[in-house]
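Here the structure is laid out as structure tokens; the discussion comes afterwards.
The values are calculated or read from the model by the stated rules, or taken from the named source; none is laboratory data. Everything quoted here is computed from the prediction, not taken from an experiment. Methodologically, a virtual Cβ is constructed for each residue, glycine included, from the backbone with ideal geometry; neighbour enumeration extends over all protein chains shown.
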């Protein structure tokens, strides 16, 4: 069995991406392992090794079909910070809002990936996907950082999607196995930040 997830890979040139990267360097323990800006489209899932090539081929074909004729990169808006508790740890995150096409794409990807999970395997989908900013074991530290995050991310902003990739867990580290689709990015969009 192999473990995977599918993620949106964001461009690194925008003001918001630089702010997120700077914040994550300070507060995300696994930043050095995962220093590229990405956000999972669904919870990790397992697939039988013999089915991996079929999964990759199906995802690539469906992505090509879905984005056929659409040249510009999709974007994800972010509207403030939130906290998710998981196993006594607190995950600070940016709250995403998807464009309609990207929302449909996420549903399609989720359906495809779930169809490759063996029937005997239990799959626990996430209730919500988000962009992690930091992980905290101590609630006092979390509250101090949360106030700082509210100041640093006090305006809404967008991140443009550069590509969508399939990531595989190899010896405890997530590695991008395949790029499923890439997008053209418009440099004029990189400096845009929306205010409330």
Please work out if residue 165 is in contact with a helix residue (DSSP H, G or I) (Cβ under 7 Å, 6 or more places away or on another chain), crowded, with 17+ Cβ neighbours inside 10 Å and either touching a residue at least 24 places away in the same chain (Cβ under 8 Å) or more than 24 Å from residue 74 (Cα to Cα) (or both).
no
Could you say which residue among 5, 66, 27 is within 29 Å of residue 139 (Cβ to Cβ) and either modelled with pLDDT of 95 or more or touching a helix residue (DSSP H, G or I) at 6+ places or on another chain (Cβ under 8 Å) (or both)?
27
Please enumerate the residues belonging to region 133-162 that are free of Cβ contacts under 8 Å to residues at least 60 places away in the same chain and closer than 16 Å to residue 14 by Cβ.
155
